[in-house]
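Undergrad: Pasting a structure below so you can have a look.
The values are calculated or read from the model by the stated rules, or taken from the named source; none is laboratory data. Since this is a predicted model, take the numbers as computed values, not measurements. Positions of Cβ are backbone-derived with ideal geometry, glycine not excepted, and every protein chain shown enters the neighbour counts.
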Amino acid sequence: MTSIEKESNGELVLVTGASGFIAGHIIKQLLERGYKVRGTVRQYKGKESTYEYLTDMTEKPDQIEFIECDLMKDDNWPAAVKGVKYVIHTANPMPDTDMGESGFGSLASGGSKKKHTPLSDDDYIKPAVDGMQRILDAILRHGKSVKRMIYTSSIGAINWENWDTIGNGKTVVYTHAKQWTPVGKCHVSSYAKSKTLAEQLGIEFVKKNNNPFELVTMHPGWVVGPLLNNRKPMSLTVLEVGFNGDFPIVPRIQWGAVDVRDVATAHVNAMKAPKAAGQRYLLVAECLWHKDIAELMLYKYGKLGYPISTREAPEFFIKILAMLDPEIGNFVLPLNGLKRFVDHRPSADELGLVYRPVQDSIIEACEDLISKELVKKPMSSGQRLLRKGALACVTLGLLAGSLYVFDKEKVTEIKKKVLG
């Protein structure tokens, strides 16, 4: 056991958003190390059974407790931070939309689940920033025992989408935790803005108030791995879409993948890591092409009848789609074909992380999605054949129809952009 994994002495840790994918694994590791946990949830009374998978992680009834807190309300936050030694803030309410946490929009999420598109940045930014402010104020006024706060940010806050270099012809990108997303750029996603602004608020707050506690921020990439309950986390939508065969093609983009258990370990270790105070940590084990993920899934599950597509979309096709769909134009086209390298050495050197092979993590996630019936049941061979033909016809029809409805000037503009 390393110095940053030493015994907890029963110290109390507040975990916000306790029902989340990452939060559940954090709570599991905290309990295993002997910490006491207080988790915030928006509703507990009357829904106790919803959280039994968390309470069942320990045989000690007094080792875990829950308190009702909402990032958009002041109620109970003073009580939530009372007597707490560490705060791990994972909560981040998402608006009712199909925009995935990755920022890749409909091409990654399938589009079919769309309920409502946010009208403004505030749909994302206000809950994240106002919620951060509520927690910071509560700690300052009522959480005198708090030594360190760990904030779950995102790769979206470290300029993962390269918003400041769009169109410069780069084909290789190197990403590290000292980079910041330029929130003033017009195409930056609302989710990326929300994470960046909430983190900046935390840093400024701690500095302005003469460092009443320490702040550490985590920047996980595409989080995969085993599920602790029957709820599908948003990050696994990429795999769900693959299983369901929602698209006949896959984008030529790379995902910065990381196992959820490694993300949890980083959070827990960061509570006591000597060099972690004031630091940002990029949590990505490996960058994988979407096609490689799809081929892994096809190799393991194609024989079961799942219509998993591995065909990469050609660049000209992505450019045409970008003309028709702003989400693809803003979030997929800038990343199309980019080869990525990441620097995760600080998380290994300072937090003691030894990253799991993400291919194993993907398979574990897939197994759970299937066993928990969170993806559609596989098709028969006849259904697959009919679907393949229908998708091909629809794709060609959309291409032809989109060009037909544009006037001559629009067609000329598209040709110029597609052909360069």
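Undergrad: Looking at segment 107-139, which of its residues are surrounded by 23 or more Cβ atoms within 10 Å (Cβ to Cβ) and at pLDDT below 50?
TA: The answer is 107, 108, 109.
Undergrad: Consider only pairs whose beta carbons are under 6 Å apart and that are at least six residues apart or on different chains; among these, list those whose first residue lies in segment 217-228 and is more than 18 Å from residue 196 (Cα to Cα) and whose second residue is of a type in the set (Asp, Glu) and assigned to a strand (DSSP E or B).
TA: These pairs meet every condition: 225/259.
Undergrad: Continuing with this model, one more query. Being among the small types (Gly, Ala, Ser), outside any loop (DSSP other than H, G, I, E, B) and within 20 Å of residue 264 (Cβ to Cβ) is the filter here; which residues of segment 327-375 pass it?
TA: Of everything in segment 327-375, those that are among the small types (Gly, Ala, Ser), outside any loop (DSSP other than H, G, I, E, B) and within 20 Å of residue 264 (Cβ to Cβ) turn out to be 347, 348, 361, 365.
Undergrad: Here is a follow-up. Of all residues in segment 140-186, which are within 24 Å of residue 77 (Cα to Cα) and either modelled with pLDDT under 90 or of a type in the set (Lys, Arg) (or both)?
TA: 141, 144, 147, 148
Undergrad: Please specify each residue of segment 3-38 satisfying the condition of being β-branched (Val, Ile, Thr) and either crowded, with 24+ Cβ neighbours inside 10 Å or modelled with pLDDT of 95 or more (or both).
TA: Passing the criteria: 13, 15, 16, 22, 26, 27, 37.
Undergrad: Something else: For residues that are within 19 Å of residue 11 (Cβ to Cβ) and not small (Gly, Ala, Ser), scanning just segment 140-150, find the one that is surrounded by the fewest Cβ atoms within 10 Å (Cβ to Cβ).
TA: My answer is 144.
Undergrad: Has segment 347-362 got at least one residue that is within 16 Å of residue 301 (Cβ to Cβ), at pLDDT 95 or above, in contact with a strand residue (DSSP E or B) (Cβ under 6 Å, 6 or more places away or on another chain) and hydroxyl-bearing (Ser, Thr, Tyr)?
TA: yes
Undergrad: Also, I was wondering about something else. Would it be correct to say that residue 280 is in contact with a His (Cβ under 8 Å, 6 or more places away or on another chain) and either modelled with pLDDT of 95 or more or among the β-branched types (Val, Ile, Thr) (or both)?
TA: The answer is yes for residue 280.
Undergrad: Any residue that is over 30 Å from residue 89 (Cβ atoms), within 22 Å of the chain's Cα centre (by Cα), surrounded by fewer than 18 Cβ atoms within 10 Å (Cβ to Cβ) and among the charged types (D, E, K, R) - is there at least one of those in segment 335-342?
TA: Among the residues of segment 335-342, at least one is over 30 Å from residue 89 (Cβ atoms), within 22 Å of the chain's Cα centre (by Cα), surrounded by fewer than 18 Cβ atoms within 10 Å (Cβ to Cβ) and among the charged types (D, E, K, R), which makes the answer yes.
Undergrad: I'm trying to understand the selection: among the residues of segment 228-280, which are among the β-branched types (Val, Ile, Thr) and part of a helix (DSSP H, G or I)?
TA: Answer for segment 228-280, where residues must be among the β-branched types (Val, Ile, Thr) and part of a helix (DSSP H, G or I): 237, 238, 241, 260, 263, 265, 268.
Undergrad: Of all residues in segment 14-46, how many are under 23 Å from the mean Cα position of the chain (by Cα), farther than 13 Å from residue 86 by Cα and in a helix (DSSP H, G or I)?
TA: 7
Undergrad: For segment 226-241, what are the residues that are surrounded by 18 or more Cβ atoms within 10 Å (Cβ to Cβ) and among the basic types (Lys, Arg)?
TA: 232 - this is the single residue of segment 226-241 that is surrounded by 18 or more Cβ atoms within 10 Å (Cβ to Cβ) and among the basic types (Lys, Arg).
Undergrad: Considering segment 281-308 alone, what residues qualify as being of a type outside the set (A, V, I, L, M, F, W, C) and either in a helix (DSSP H, G or I) or under 16 Å from the mean Cα position of the chain (by Cα) (or both)?
TA: Across segment 281-308, the qualifying residues are 281, 286, 290, 291, 292, 295, 299, 300, 301, 302, 303.
Undergrad: Quick one: count up the residues across segment 53-106 that are in a helix (DSSP H, G or I), at pLDDT below 95 and closer than 29 Å to residue 9 by Cα.
TA: So the answer is 2.
Undergrad: Also, quick follow-up: Return the residues of segment 207-257 that are of a type in the set (Val, Ile, Thr) and touching a Leu at 6+ places or on another chain (Cβ under 8 Å); say none if nothing qualifies.
TA: Within segment 207-257, 224, 253 meet the criteria.
Undergrad: Would you point out the residue of segment 241-299, among those that are of a type in the set (Ser, Thr, Tyr) and touching a residue at least 60 places away in the same chain (Cβ under 8 Å), that is farthest from residue 14 (Cα to Cα)?
TA: Taking the candidates together, the pick is 281.
Undergrad: Can you confirm whether segment 203-215 contains a residue that is crowded, with 19+ Cβ neighbours inside 10 Å, within 16 Å of the chain's Cα centre (by Cα) and in a loop (DSSP other than H, G, I, E, B)?
TA: no
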